[in-house]
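A.B. asks: Before I ask anything, let me first share the structure, which is written out below as structure tokens.
The values are calculated or read from the model by the stated rules, or taken from the named source; none is laboratory data. Remember, predicted model here, so these are calculated numbers, not experimental data. Cβ coordinates were reconstructed from backbone atoms using ideal geometry, including for glycine residues, and neighbour counts include every protein chain displayed. Side chains are part of the model used for accessible areas, which takes the heavy atoms of the whole protein and leaves out ligands, DNA and RNA. Shrake-Rupley method; radii C 1.70, N 1.55, O 1.52, S 1.80 Å.
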Amino acid sequence: MAMAIRQPGWYRGAIGMVLGAAFGFGLVIALRAISGLELFQTEQTGYPHVIVPLITAPFGFLFGFGAFDYWFRWAAGKPTIPDDHSAHGAYRWQDYFKFNTDHKVIGIQYVVTTLCFFLIGGVLALLIRAELAQPGEQIVAANTYNGLFSTHAIVMIFLFIIPIFAGLANYVLPLMIGAPDMAFPRLNALSFWLLPIAGIVFLGSFLAPGGAFDAGWTGYAPLSTGAPLGQSFFNVGVQFAGASSIATALNFLVTIITMRAPGMNPWRMPLLVWANLSTSLLVVGATPFVAGAQFMVLFDRILGMNFFQFLEGGDVISYQHIFWFYSHPAVYIMMLPGFGIISEVISTHSRKPVFGYRLMALALIGIVVLSYSVWAHHMFVAGMFSWLRVPMMITTMLIAVPTGIKIFSWLGTLFYGKIHLYSTSMLFSLAFIITFVVGGISGVMLGMIPIDIHVSDTYFIVAHIHFVLFGGSVFTIFAGIYHWFPKMTGRMYDERLGRIHFWGTVVGTWMAFVPMHWIGMDGMPRRVADYASVYGDWNLFISVSAFLLGAVQLIFIYNMIVSWRFGPKAGNNPWRAHSIEWQVSSPPPVFNFDEIPRVVGGPYEYGTPGARHAIMGGETAPEELPEPEPATVTSPS
Amino acid sequence: MESASIAAGHGHAEEHHGPPEAHQSARIDRTILGILLFILSEVMLFGAFFAAYFFIRAVANDGPWPPVGIELPVMIAGINTAILVSSSFTVHYALEAIKHNNHRGLKLGLTMTWLLGATFLFIQINEYVHIGFTPRDGAFGSIFFSLTGLHGAHVFVGLLLLTFANIRAYRGHFGPDQKDHLGVEVPGIYWHFVDIMWIIVFLAVYII
Amino acid sequence: MTRLPILKLALASLAAGTVISVLMLQIDWFGDAAATAAGPIDLLMDVTIVVSSYIFALVCVALGYALIKWRVQPGDEGDGLPIHGNTKLEVIWTVIPIIIVVALAGYSWAVLDDIENEDADRITVNVYSQQFAWTFGYPESGNKWSEGELHVPLDRQVDFQLHAQDVIHSFWVPEWRIKKDNVPGITTDAIVTPDEAGTYQLICTELCGAGHSTMRATVVVEPEAEYQKWVNGLSQNVPESLLLTADQALEIEKQIQEKEDGIEGTGVDET
Ligand code: HEA
Ligand code: HEA
Ligand code: CUA
Ligand SMILES: [Cu+2]
């Protein structure tokens, strides 16, 4: 036992957490005592003796858990053990519950954790739908309802979509570029462990007096600055989730820039790598803004500052500018990695190079650049500077262009291919194209100011959100999970269950979210627990569809768990793909490669006889192959 | 030139105890690139607060700035600025010293930098105590304390990093090769950033 | 390599697009209209729906065609044609969307100018909002005040001055197609010309707390004469506190604060 306490791990972590909490609590009490204030401040926006421990306890836990051991030794000038790989690889299931620095283990930790959050967010969604099934109060009161959709959105966005992409990329990206691991493995592990912490903080707000945070996922001031204690949990949770994503993004950027295998010049990188490069640029540049906005709200709440107190010279609308300067790029943070996955899947399963590869990569960069210049399209009716509206409308609508390039290029990839539909991942990719176009086009409509004036803050927005986030991001996530499941687990999932899951999800998504367009246009506002009875029938229909959609997800979970344990062995390369991660064993060896592979061509050279993407270590390496002549289509008409 | 790094005939019989060395596909060192990107995101964090500053000063209020009745100790802050700026030179000196394998110079430079930084922080805290208004006093108080406070927090972190560098310097670590003095270079880069950021904060809050 | 039946595909897309847009236009998207802004906005929406239908149809036809034509035969392990791209095509599908969105943006801008155009004989109505109630002031009629019920004259442009006392609310009458946030600390405005008499609902569309779903008010559009009669019949005037500017409110706040500080010695201080 004494031994267990001294070693990094759960015991020491628990002790660290208690000590951290005690330290934070003591600090607050001591400072208040020194300044002659009452020891406990329990005004609804106050509670410093809860908020400060909420920040210090996780750090205590991380210290105890072993997140900083190496850095402490290093900082103190003690000898560090550079080739100690004891925190690498997973040999038993317990290894997944350690501070593990192996990118493959971290990838799986991420995916499993975030899928749990998906279920939690989904259950919250089903509670929302239960309340909305009929007009009038069904299961919860109005203020509880506000807490439900706020936590639903936050769990889905910060704990599911954004991190699961980080998880998938964590697993495959280093393999794809021929790197033995991420650039900063310990930082990588730290990023992961910040995530469950953020989750506990967000969900912990349900226990706070006054209930969970309920100012929407957007947390507009001054509603949020005056809200009960739960809102501070939101402010703090965003810091943990944000720090986690910034650290991961930084890690991806450095890995992609400095650790590519020899021969892998930028134009030989798989598009997933490009997609994560773009996403990471967005995260590093934009996420600090949401951190800043939530710091300001927190300061207003517990330090009595006046950033958004209009009576004290604060500016109410500035919150929205700062928030959306992050949160618009955030929607592409939630979409671009998905674009990368789709490129991989479609190219592999139609046995063809990605059409217009370079333009595809440039379109990603174009989206990154444009997405920093459109934030105010969320504020067309917010009473902001009216001169800013038209410029933002134009930039907003222009984003349709690079996105369209991607859609059309995927279609172009299908043409003249050999399209295999046996894999669920391909099905989801094709369904993604159709569904996302609908969501994207409703986005363009929202970008047109006169239309937005009418439909802003109605169910039309809710329809847009779910078409792009569920029909967009979530479909790509499913595609990615099905695609790399054999690589991650070494086993094959059940395609039949996959198909049931696929059809149920597609039909459920369309049934649940299409009618929202109409009821929104017709006059049903969003974020209401009760509504005019004319919308009763449609809402019932939506609720039933949503439950269907939820039920189908159980099949997915079942398929994943059972196949992981009992599925047939998958082999190294079931999809006959060219990129490097498929050239190693499934699951890959602990250190990925014995020797770094050598890249000799593009990643998607299907159909060119003898074309190779990479030559693996240990293979009798022929000399660098000549770049295959890019075949061109004779002009189409 | 890229394929040159493949060791020819690397036998398989050899036991591997660790991962293969990653191929270095860019000339920049990973840690340096890492800190530069980190600084980029730090700049954006300051950016968020500068955005708030802009709105509070230019959009929400049109009165005098700082508001009547508030007198900022520009003189003291100016001296403090000089202190911090000079510490950028000492940390640069430390780096140059170790590049020429001059350990004495390294220790001197790092110690000086640490002391200058600590002095800055001390004066800053002293200023807070005597300034005569609090973060609760209007939006001006909020933006003043959060911009300077955010910066102060960065000075604190920089000092922490410098402390580590100092410890290691006095233990005789570091050497003239780049990989042997990253522990000086990286905190140094961060420190320059803290410095430049202060000049911007100082100009925005005290001068214009 | 087979040649693409470009013409057939194009015709199929056009046909599908036409079918989809006809179907889509059958749906009564907006419900009733009761202000002059509704016409141009609904038309803009309809045009956008038609354009979108064709884009959607194009994507569906292309995808469907590819699936039918190039779905692999069982047992075929071969690869597709190694086509890497086609510059001409790529230019086409970059430029055409640019033209479409720029055209739609220009059209939207024109509509925006149209619906925000101010008439010389407009009247002003003050809209006050707080958790969770709407009240209205009629400055042109001696600052008369009505609670929970808004009356406006028919066929006369109204310039609503929107105010908020606590948090952000939002002013929306679906039949008018106009929405604007009420932001505490500043005054925003919304311009509406009601052109259909009747009773409507004013809905708060910005989340403002527990009572957000119930923050509604009745809107009555009636001929000018009846409107005047109704306003003149109001007994209350807008309370002083609602007429204050932010600066004045701040001043009062300060005075209250000072008073409270004065009695601080009694130990009621809570912070
Ligand atoms: C994954 C997430 C995601 C993605 C990818 C998008 C993509 C887009 N979004 Fe969306 N959006 C959200 C998530 C997302 N959005 C969320 C969560 C909100 C609500 C926030 C809240 O208030 O809670 C929101 C809200 C939102 C608003 C604010 C509405 C309001 O509150 O009043 C607007 C307004 O302009 C908008 C626009 C767009 C546009 C123009 C795109 C474009 O990027 C879409 C581009 C894609 C296409 C257009 C389709 C493919 C293109 C072609 C086939 C080419 C041909 C097309 C044309 C020529 C038109 N979105
Ligand atoms: C990433 C994003 C994401 C995802 C995946 C979803 C998924 C869903 N969302 Fe959500 N939603 C948002 C992001 C998302 N949402 C955002 C950003 C908002 C705006 C919030 C705001 O206004 O602030 C929102 C708001 C929102 C509203 C509007 C609330 C309002 O304005 O009043 C509604 C209403 O119907 C809704 C419904 C749904 C439904 C039915 C699903 C379904 O797809 C869910 C499917 C169901 C499951 C996945 C559950 C599966 C699990 C089980 C069946 C139980 C098994 C349990 C165990 C094993 C323990 N969402
Ligand atoms: Cu007022 Cu919602
Ligand atoms: Cu946006």
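A.B. asks: Using the Kirkwood radius over Cα pairs, work out the Stokes-Einstein diffusion coefficient for chain A at 10 °C and 1.306 mPa s, in µm²/s as a whole number. Walk me through the numbers before you get to the answer.
C.D. replies: Values: Rh = 25.8 Å.
Estimated via Stokes-Einstein, D reaches 62 µm²/s.
A.B. asks: Using protein heavy atoms only (no ligands, DNA or RNA), what is the total accessible area buried between C and A, 1.4 Å probe, nearest 100 Å²? Each step should come with its number before you reach the end.
C.D. replies: Details: alone 17280 and 26010 Å², together 34880 Å².
Separately minus together, C and A give about 8400 Å² buried.
A.B. asks: Between segment C:119-194 and segment A:431-490, what is the separation of their alpha carbon centroids in Å?
C.D. replies: 35 Å
A.B. asks: What translational diffusion coefficient, in µm²/s and rounded to a whole number, does the Stokes-Einstein relation yield for the protein assembly as shown at 25 °C and a viscosity of 0.890 mPa s, taking the hydrodynamic radius as the Kirkwood radius over Cα pairs? Present the calculation step by step, with values, prior to reporting the outcome.
C.D. replies: Values: Rh = 31.6 Å.
The diffusion coefficient I find is 78 µm²/s.
A.B. asks: Separation of segment A:494-539 and segment A:325-359 by C-alpha centroid, Å?
C.D. replies: Answer, in whole Å: 26.
A.B. asks: Below 16 Å, Cα to Cα, which lysines can A:K569 reach? Residues fewer than 8 away in the same chain don't count.
C.D. replies: Hits, sequence-local ones excluded: A:K487.
A.B. asks: Could the peptides A:8-18, B:61-71 be put in order, highest first, of the mean number of other beta-carbon atoms found within 10 Å of their residues?
C.D. replies: Taking the mean over residues of other Cβ atoms within 10 Å, the ranking is A:8-18, B:61-71.
A.B. asks: Next question, about the same structure. Going Cα to Cα from C:K8, which lysines come in below 19 Å? Please leave out same-chain ones fewer than 8 positions away.
C.D. replies: C:K69
A.B. asks: In whole Hz, what ³J(HN,Hα) sequence does segment A:521-537 give by Karplus (6.51, -1.76, 1.60; θ = phi - 60°), x for Gly and Pro?
C.D. replies: So the Karplus estimates, Gly and Pro as x, are 4, 6, x, 8, x, 7, 6, 10, 7, 9, 8, 5, 5, 4, 8, x, 5 Hz.
A.B. asks: Separation of segment A:104-131 and segment A:379-412 by C-alpha centroid, Å?
C.D. replies: 30 Å
A.B. asks: Evaluate peptide A:586-595: per residue, the Cβ atoms of other protein chains within 10 Å of its Cβ; return the mean as an integer. Intermediate values should be presented prior to the final figure.
C.D. replies: Numbers: counts 0, 0, 0, 2, 3, 5, 3, 4, 6, 7.
Per residue, the average neighbour count from other chains is 3.
A.B. asks: What 222 nm value per residue comes from the helices of chain B, counting each DSSP H run with n ≥ 4 as -39,500 (n - 2.57) and dividing by all residues, nearest 500 deg cm²/dmol?
C.D. replies: Numbers: 5 runs with 133 residues, N = 208.
Rounded to the nearest 500, it is -23000 deg cm²/dmol.
A.B. asks: Share of segment A:134-227's accessible area from carbon and sulfur, percent, 1.4 Å? List each step's numbers first, then the result.
C.D. replies: Numbers: 1350 of 2070 Å².
C and S fraction of accessible area: 65 percent.
A.B. asks: Express the relative contact order of segment C:1-96 as a whole percentage, based on alpha carbon pairs under 8 Å and six or more residues apart in sequence. The partial results should precede the final answer.
C.D. replies: Details: 36 pairs, mean separation 36.4, N = 96.
Taking the mean separation of contacting Cα pairs over the length of segment C:1-96, I get 38 percent.
A.B. asks: Here is a follow-up. Per DSSP helix of 4 or more residues, -39500 (n - 2.57); summed, then divided by the residues of chain A. What does that give at 222 nm, rounded to the nearest 500? Could the numbers behind the result be given before it?
C.D. replies: On the way: 21 runs with 377 residues, N = 637.
Per the formula, -20000 deg cm²/dmol.
A.B. asks: Averaged per residue, what accessible surface does the protein assembly as shown expose to a 1.4 Å probe, in Å²?
C.D. replies: 38 Å²
A.B. asks: Would you tell me the accessible area of A:M305, worked out with a 1.4 angstrom probe on the heavy atoms of the protein chains, in Å² to the nearest 10?
C.D. replies: In the full protein context, A:M305 sits at about 10 Å².
A.B. asks: Turning to a different aspect of this structure: Grab the DSSP H runs of chain C that are 4 residues or longer, score each as -39,500 (n - 2.57), total them, divide by all residues and round the 222 nm result to the nearest 500 deg cm²/dmol.
C.D. replies: Details: 6 runs with 113 residues, N = 271.
Computed ellipticity for chain C at 222 nm equals -14000 deg cm²/dmol.
A.B. asks: Would you mind checking which residues have amide H under 5 Å from C:L150's amide H? H placed 1.01 Å from N; only 5 or more apart, or other chain.
C.D. replies: Hits under the 5 Å cutoff: C:T218, C:V219, C:V220.
A.B. asks: With solvent modelled as a 1.4 Å probe, how much accessible area in total do chains B and C shield from it at their shared surface, in Å² to the nearest 100?
C.D. replies: Numbers: alone 12410 and 17280 Å², together 29640 Å².
The B and C chains share an interface burying roughly 100 Å².
A.B. asks: Continuing with the same structure: Would you mind checking which residues have amide H under 5 Å from C:T205's amide H? H placed 1.01 Å from N; only 5 or more apart, or other chain.
C.D. replies: C:S170, C:F171, C:W172
A.B. asks: Using a Cα-Cα cut-off of under 28 Å, which lysines could be cross-linked to A:K78, ignoring same-chain neighbours fewer than 8 residues away?
C.D. replies: Leaving aside lysines fewer than 8 places away in the same chain, those within reach of A:K78 are A:K98, B:K99, B:K107, B:K179.
A.B. asks: Then there is this: Can you work out the Karplus-derived ³J(HN,Hα) for every residue in segment B:78-89? Use 6.51 cos²θ - 1.76 cosθ + 1.60 with θ = phi - 60°, whole Hz, and x for glycine or proline.
C.D. replies: x, 4, 4, 4, 4, 4, 5, 4, 5, 5, 5, 5
A.B. asks: Right, next: For C:Y54, what accessible surface area do you get with a 1.4 Å probe? Give it in Å², rounded to 10.
C.D. replies: Ignoring ligands and nucleic acids, C:Y54 comes out at about 80 Å².
A.B. asks: While we're here: Report the accessible surface area buried between chains A and B, summing both sides, using a 1.4 Å probe on protein heavy atoms only, in Å² rounded to the nearest 100.
C.D. replies: 4400 Å²
A.B. asks: Hey, another quick one. Of all beta bridges DSSP finds with both residues in the protein assembly as shown, what is the antiparallel percent, to the nearest 5?
C.D. replies: Values: 33 of 47 bridges.
Restricted to the protein assembly as shown, the bridges split so that about 70 percent are antiparallel.
A.B. asks: Same structure again: Normalising by the residue count of chain A, find the relative contact order in percent from Cα pairs under 8 Å and 6+ residues apart.
C.D. replies: Values: 1082 pairs, mean separation 86.4, N = 637.
After rounding, I find 14 percent.
A.B. asks: On the protein heavy atoms, probe 1.4 angstrom, tell me the percent of accessible surface of segment C:48-156 carried by carbon and sulfur. Don't jump to the answer; show the numbers that get you there.
C.D. replies: Values: 3090 of 5120 Å².
Here it works out to 60 percent.
A.B. asks: Which peptide among B:27-36, A:308-317, A:354-363 comes first, and what is the full order, when sorted by highest mean count of other Cβ atoms within 10 Å?
C.D. replies: Ranked by mean Cβ neighbours within 10 Å, highest first: A:308-317, A:354-363, B:27-36.
A.B. asks: Note the angle between two axes, namely the Cα long axis of helix B:103-130 and the longest principal axis of the Cα atoms of chain B, as a number of degrees from 0 to 90, rounded to the nearest 10.
C.D. replies: Approximately 20 degrees, to the nearest ten.
A.B. asks: Follow-up. Using the beta-carbon distance between A:Q94 and B:E127 and R0 = 30 Å, what value does 1/(1 + (r/R0)^6) give for FRET efficiency, to the nearest 0.05?
C.D. replies: It comes out at approximately 0.05.
A.B. asks: Using heavy-atom solvent-accessible surface (probe 1.4 Å) with all chains present, what is the largest-first order of C:K69, A:K406? Walk me through the intermediate numbers first.
C.D. replies: Details: C:K69 90, A:K406 0 Å².
I get C:K69, A:K406, largest accessible area first.
A.B. asks: Can I ask one more? Would you list C:S21, A:S585 from the most to the least accessible area, probe 1.4 Å?
C.D. replies: Details: C:S21 5, A:S585 45 Å².
Putting C:S21, A:S585 in descending order of accessible area: A:S585, C:S21.
A.B. asks: If you roll a 1.4 angstrom probe over the protein chains with everything in place, what fraction of the accessible area of chain B belongs to carbon and sulfur, to the nearest %?
C.D. replies: On the way: 6740 of 10180 Å².
After summing per-atom areas, the C and S share lands at 66 percent.
A.B. asks: May I ask you to find the residues of segment A:446-488 that are shielded by at least 20 Å² of accessible area once the whole protein assembly is considered instead of their isolated chain (probe 1.4 Å)?
C.D. replies: In segment A:446-488, residues shielded by partner chains: A:M448, A:P450, A:I451, A:I453, A:H454, A:D457.
A.B. asks: Check A:I419: other-chain or 5+ apart residues with amide H under 5 Å from its amide H, H built from backbone geometry?
C.D. replies: Hits under the 5 Å cutoff: C:R71, C:V72.
A.B. asks: Would you list the membrane-span-like helices of chain C, meaning whole DSSP H runs whose alpha-carbon atoms span at least 20 Å along their axis and whose mean Kyte-Doolittle value is at least 0.5? Don't jump to the answer; show the numbers that get you there.
C.D. replies: Details: long enough: C:6-26 (30 Å, 1.87); C:38-70 (47 Å, 1.62); C:87-115 (42 Å, 1.49); C:246-262 (24 Å, -1.37).
Both cut-offs are met by C:6-26, C:38-70, C:87-115.
A.B. asks: Follow-up question, since we're still on this one. Order these peptides, A:41-52, B:73-84, C:223-234, A:588-599, by their mean beta-carbon neighbour count within 10 angstrom, highest first. Working shown, then result.
C.D. replies: Details: A:41-52: 18.4, B:73-84: 16.2, C:223-234: 14.3, A:588-599: 21.2.
The densest-packed peptide leads the list: A:588-599, A:41-52, B:73-84, C:223-234.
A.B. asks: Return the average number of partner chain Cβ atoms within 10 angstrom of each residue Cβ along peptide A:515-524.
C.D. replies: Details: counts 0, 0, 2, 5, 0, 2, 8, 7, 10, 2.
Mean shielding count: 4.
A.B. asks: For segment A:2-72, with equal point scatterers placed on the C-alpha atoms only and solvent neglected, what are the log10 I(q)/I(0) values from the Debye formula at q = 0.15, 0.22, 0.24 1/Å, to two decimals?
C.D. replies: -0.55, -0.84, -0.92
A.B. asks: If each of A:R73 and A:I55 carries a label point 7 Å out from its Cα toward its Cβ, how far apart are those two points in nm?
C.D. replies: My value for the distance between the label points is 3.1 nm.
A.B. asks: Okay, moving on. Taking each residue in A:391-403, count the Cβ atoms of any other chain within 10 Å of its Cβ, then average. What number comes out?
C.D. replies: On the way: counts 0, 0, 6, 6, 1, 2, 9, 5, 1, 6, 10, 2, 1.
Whole-number average of other-chain Cβ neighbours for A:391-403 is 4.
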